[in-house]
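The values are calculated or read from the model by the stated rules, or taken from the named source; none is laboratory data. No experiment lies behind these values; they were computed from the predicted model shown. Glycine gets a Cβ as well: all are built from the backbone with ideal geometry, and neighbour counts include every protein chain shown. The area values use the complete protein model at the heavy-atom level, side chains included, leaving out ligands, DNA and RNA. Shrake-Rupley method; radii C 1.70, N 1.55, O 1.52, S 1.80 Å.
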Amino acid sequence: MELCDLTIAQARDGLGARRFSARELTEAHVKAMEVARGLNAFITETPERALIDAARADVRIAAGDARALEGIPLAIKDLFCTEGVLTTAASHILDGFKPPYESTVTAKLWAQGAGMLGKANLDEFAMGSSNITSYYGAVRSPWRRRGDDRPLVPGGSSGGSAAAVAARIAMAALGTDTGGSIRQPASFTGLVGMKPTYGRCSRWGIVAFASSLDQAGSLTRTVRDSAIMLRAMSGHDPKDSTSATLPVPDYEAALTGNIRGLRFGVPKEYRVEGMPAEIEKLWQTGIEWLRAAGAEPVDINLKLTKYALPTYYIIAPAEASSNLARYDGVRFGLRVEGKSIEEMYEATRAEGFGDEVKRRILIGTYVLSAGYYDAYYLKAQRVRALIAADFKRAFETVDVILTPTAPNAAFAVGEKMDDPLAMYLNDVFTVPISLAGLPAISVPAGLSSEGLPLGLQVIGRAFDEETVLRAAESLERAANFTARPPVLS
Amino acid sequence: MALIEGKTGNWEVVIGLEVHAQVVSRSKLFSGAATGFGAEPNSQVSPVDAAFPGMLPVINRFCVEQAVKTGIGIEGKVNPTSVFDRKNYFYADLPAGYQISQFTRPIVSGGSIALDLPEGRSRTIGVTRLHLEQDAGKSLHDQHPNLTYVDLNRAGTALMEIVSEPELRSAEEAGAYLRKLRTILRYLGTCDGNMEEGSLRCDANVSVRKPGAPLGTRCEIKNVNSIRFAMLAIDYEARRQIDLIEEGGVVKQETRLFDSARGVTRPMRSKEQAHDYRYFPDPDLLPLVLDPAEIERLRAAMPELPDRKKERFVQDYKLTPYDAGVLVSERQTADFFERVAKGRDARAAANWVTGELFGLLNKAGKGIEQSPVSADAIGALLDLIADNTVSGRTAKDVFAEMFETGKDAAAIVEAKGLRQVTDSGAIEAAVDRVIAEQPEKVAEFRAGKDKLFGYFVGQVMKATGGKANPGTLNELLKKKLSG
């Protein structure tokens, strides 16, 4: 078997048994990174760094001192600040920015022995569902429709992360999920994408998009790898006031394979108008798989689902408009000179931000403005609380909830691009969970009629990632998703 | 009520003050960076203060405690839950593009401050709220002909904004409010009150009206950096508004700057140019929840505050309210006085501290904490007066020397032979001698010229080198002259 096809769990075993070295494993991935450069999955490649990380890992392995991710080469979404390594958020405005600090989550991964292949491309400031808004160019998915060679989007905003893992460039990737930015690309590229509970992973050192929604997570090829990554990433961080002071479970140990008696909710509100029949069918199949494994389906209501998208598109831009105020050309990144400070701000921000970012800053500024705050932002916050209450009520009778991850498969570059609202609809199934701060995972469950991956989403109670992973693993086993992107064949 | 005379009659000025008090704390409100005054530019800045990408604020619990103590000190209600909001605006010395402040739910609601006014008058002024917020950095416009430099040392430092009700009615009252607030803050050790270094700053909202009329349109005056300037600015602004209205003009709501060099206020921005701050709860911070037990612990550990102390001084030490007021204006002075007064005549102690000591300190331009004479040393001098070792008159000379040389009272008395003569035999001999030497004056006195008694006292004192105990002298002289 090719080294690049290994899962983290398999590589861990192989490294432990000295069947190959971390250096060999990393070299194989560095080579894959070069070969697949056309995907534009990375903004910054750091092969030298990856090889140094691997050399260190080999020393630890030789000493019998291997840690959880020893020698595993990863792609890091370029929203995580990495000390001394260019960090761009895929925006022109962060030109040349090399942080003097390392984000908490990446630091935790390095402390477990992982290596860094590079900084993965994304939608600018993580705003987008197709990875076409990056200043560094669009990411292309390694997938193609059957008999159609037009390039497809990998989903977004963690599109570079998804493309890298799907194309077997990285064994796993770090992503962030604000409204679906891990789960939707995972669904589009046939990967497992986990968004943990808000507060499970520290946000310190992640370039902020919408602070009350942003959460780090992973893209992997298996549920077990997802569990391994989550354990390494999680934990309380005193530098993030919103991070939870809870112990971190051994998520791999939670994968017992037994979901007998588990009650899973099926919310009828997720049957949205215009959703392709094949997604509805896949959802039914998923229900059958879980039932066959001994779990019990329960029809539930999540009545406020239809308000989630508009609520999200008020709260997220509002927070973003404030979070992005710091990019003013004064202290770091791009500066376009002007005759006055106001001119400098205007010129810098006009040139530094792309259209989608500007659109959201305008929306956010508008909804927070005097006279509009109550009607938009305050009302959205109330609806958000009601949506969270809706889920809470549902979780009184069920242990997890099963839904599709996205209302469609990946689309071609150029499709849906002229209508931002149509693009926003991609997040219809992922956004409610983000608003409620709950954990959710996307598991590849099948292929569309065009041969593209489709994912199912398992949602859990706050901080109950263990049950989410257990149910996800059961789906994964039943789905037996073995399809590979055509570029690999 | 102090009214201002205008051409059309009397006017009342209505003032509300917003005070920004820098919290005494070694580190900033949301970062671990240091807060020392006068450091090299940009040497006390963490990536959080400079709003680098991905940086997050973490509340400094010590600053919260300081705000709670201040809230208790101004008799406000400490709110068990308060919320930090973002106040959004662009400025080069505001790195994040927003200031973290408290808008709808401050840490302290309500409160009051009792003003000490001349002639023993007093007024109580309501405090609307106290909230915690970050300070901005400093823009330095004078370092380069066409560039502005930014110093972020102050960025992120904790401030308490203390807002008064619009209940002040004169510049004098505004001055008394600021003095009293500063005294309270210093007693609590929550703000050093140093206006020159900018750790206490004040904005004044000023409007005028005919007595009994509804409130007029207010102007906010910024940049008043001393109590004296605040009073000057208010007086100027009130007069400006009155003149404007009386000449048929209308006061526009605006923000004005006080120009201390010219003693005038001038427009800074109009209401139309005012920022829309787009306040919303800061999603990086959880609501600030205080444990009621913690609030009670702080309440129990509160020092005695000036009003209570003054009351106690009047009651326990029988001081006049005026003297008590002077003594409690600074905690160190009050402590100094109490140390002098302990086990002694308190009124004498008060007189010596506010009279002799303050006199010499003022002349030397020193504060009480720099006094060359300690409280115990003054106490020892008072003991020498009480046990008749020296007279009060002599004691003043002794004190001047103590102040000068730092020597203790007993040593000076001994070295200079200033010990008062209390031996009645020696005094009697001197009295006898004076009477014998001045038969004609004695005759005049005995014929009814009472005024001469003082003359004889002086003569006897002279004869004893000023050391005779005045009581004994008086007694003996009276007896001998009448006999």
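Look through region B:360-401, keep the residues that are more than 26 Å from residue B:469 (Cα to Cα) and loosely packed, with under 14 Cβ neighbours inside 10 Å, and return whichever of them is nearest to the chain's Cα centre (by Cα).
B:367
Are there helices (runs of 4 or more DSSP H) fully within region A:345-452 with at least 3 residues that are of a type in the set (A, V, I, L, M) and under 30 Å from residue A:334 (Cβ atoms)? List them.
It comes to A:355-368.
Give region B:85-111 a look and list any residue that's of a type outside the set (Lys, Arg) and within 10 Å of chain A (Cβ to nearest Cβ), or say none.
Selection gives B:88, B:89, B:90, B:91, B:92, B:93, B:94, B:95, B:96, B:97, B:98.
Return the total of residues in region A:104-121 being touching a Ser or Thr at 6+ places or on another chain (Cβ under 7 Å) and either within 14 Å of chain B (Cβ to nearest Cβ) or of a type in the set (Ser, Thr, Tyr) (or both).
4
Could you list, in sequence order, the residues of region A:77-100 that are within 8 Å of another protein chain (Cβ to nearest Cβ) and surrounded by fewer than 19 Cβ atoms within 10 Å (Cβ to Cβ)?
A:100
Against the condition within 30 Å of residue A:93 (Cβ to Cβ), charged (D, E, K, R), assigned to a loop (DSSP other than H, G, I, E, B) and open to solvent by 70 Å² or more (accessible area, probe 1.4 Å), how does residue A:303 come out, does it pass?
no
Taking region A:86-115 as the region of interest, how many residues are more than 16 Å from residue A:324 (Cβ to Cβ) and over 21 Å from the mean Cα position of the chain (by Cα)?
7
Strands (runs of 3 or more DSSP E) wholly in region B:199-316 with at least 1 residues that are in contact with a Gly (Cβ under 8 Å, 6 or more places away or on another chain) and among the polar types (S, T, N, Q) - which ones?
Passing ranges, in order: B:200-209.
Return yes when residue A:244 is outside any loop (DSSP other than H, G, I, E, B) and either modelled with pLDDT of 95 or more or over 30 Å from residue B:86 (Cβ atoms) (or both) and no when it is not.
For residue A:244, the condition - outside any loop (DSSP other than H, G, I, E, B) and either modelled with pLDDT of 95 or more or over 30 Å from residue B:86 (Cβ atoms) (or both) - is not met.
Does residue B:42 qualify as being surrounded by 20 or more Cβ atoms within 10 Å (Cβ to Cβ) and in contact (Cβ under 8 Å) with a residue 40 or more places away in the chain?
For residue B:42, the condition - surrounded by 20 or more Cβ atoms within 10 Å (Cβ to Cβ) and in contact (Cβ under 8 Å) with a residue 40 or more places away in the chain - is not met.
This table checks each residue for (1) free of Cβ contacts under 8 Å to residues at least 24 places away in the same chain; (2) away from chain A (no Cβ under 14 Å); (3) not in a strand (DSSP E or B).
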residue: B:115; (1), (2), (3): no, yes, no
residue: B:124; (1), (2), (3): yes, yes, no
residue: B:132; (1), (2), (3): no, yes, no
residue: B:146; (1), (2), (3): yes, no, yes
residue: B:155; (1), (2), (3): no, no, yes
residue: B:162; (1), (2), (3): no, yes, no
residue: B:172; (1), (2), (3): no, yes, yes
residue: B:175; (1), (2), (3): no, yes, yes
residue: B:179; (1), (2), (3): no, yes, yes
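Can you find, within region A:33-57, the residue that is farthest from the other protein chains (Cβ to nearest Cβ) among those that are over 23 Å from residue A:226 (Cα atoms) and open to solvent by less than 40 Å² (accessible area, probe 1.4 Å)?
Filtering first and then ranking leaves A:36.
Among what's in region A:326-351 and is within 11 Å of chain B (Cβ to nearest Cβ) and of a type in the set (Gly, Ala, Ser), pick the residue that is nearest to residue B:136 (Cα to Cα).
A:329
Of (1) within 30 Å of residue A:140 (Cα to Cα); (2) not assigned by TED's automatic domain parsing to the domain that holds residue A:216, residue A:452 satisfies all except one. Which?
Tallying (1) within 30 Å of residue A:140 (Cα to Cα); (2) not assigned by TED's automatic domain parsing to the domain that holds residue A:216, residue A:452 fails exactly one: (2).
Anything in region B:47-68 that is over 15 Å from residue B:133 (Cβ atoms), surrounded by fewer than 22 Cβ atoms within 10 Å (Cβ to Cβ) and touching a residue at least 60 places away in the same chain (Cβ under 8 Å)? List them, or say none.
B:65
Table: residues versus (1) within 14 Å of chain B (Cβ to nearest Cβ); (2) without any contact (Cβ under 8 Å) to a residue 60 or more places away in the chain; (3) surrounded by fewer than 24 Cβ atoms within 10 Å (Cβ to Cβ).
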| position | (1), (2), (3) |
| --- | --- |
| A:173 | no, no, no |
| A:178 | yes, no, no |
| A:199 | yes, no, yes |
| A:208 | yes, no, no |
| A:218 | no, yes, no |
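Quick one: count up the residues across region B:402-446 that are farther than 18 Å from residue B:456 by Cα, of a type in the set (A, V, I, L, M, F, W, C) and surrounded by 13 or more Cβ atoms within 10 Å (Cβ to Cβ).
Counting residues in region B:402-446 that are farther than 18 Å from residue B:456 by Cα, of a type in the set (A, V, I, L, M, F, W, C) and surrounded by 13 or more Cβ atoms within 10 Å (Cβ to Cβ) gives 8.
Of these, A:132, A:169, which one is open to solvent by 10 Å² or more (accessible area, probe 1.4 Å) and either in a loop (DSSP other than H, G, I, E, B) or within 14 Å of chain B (Cβ to nearest Cβ) (or both)?
None of the others qualify; the one that does is A:132.
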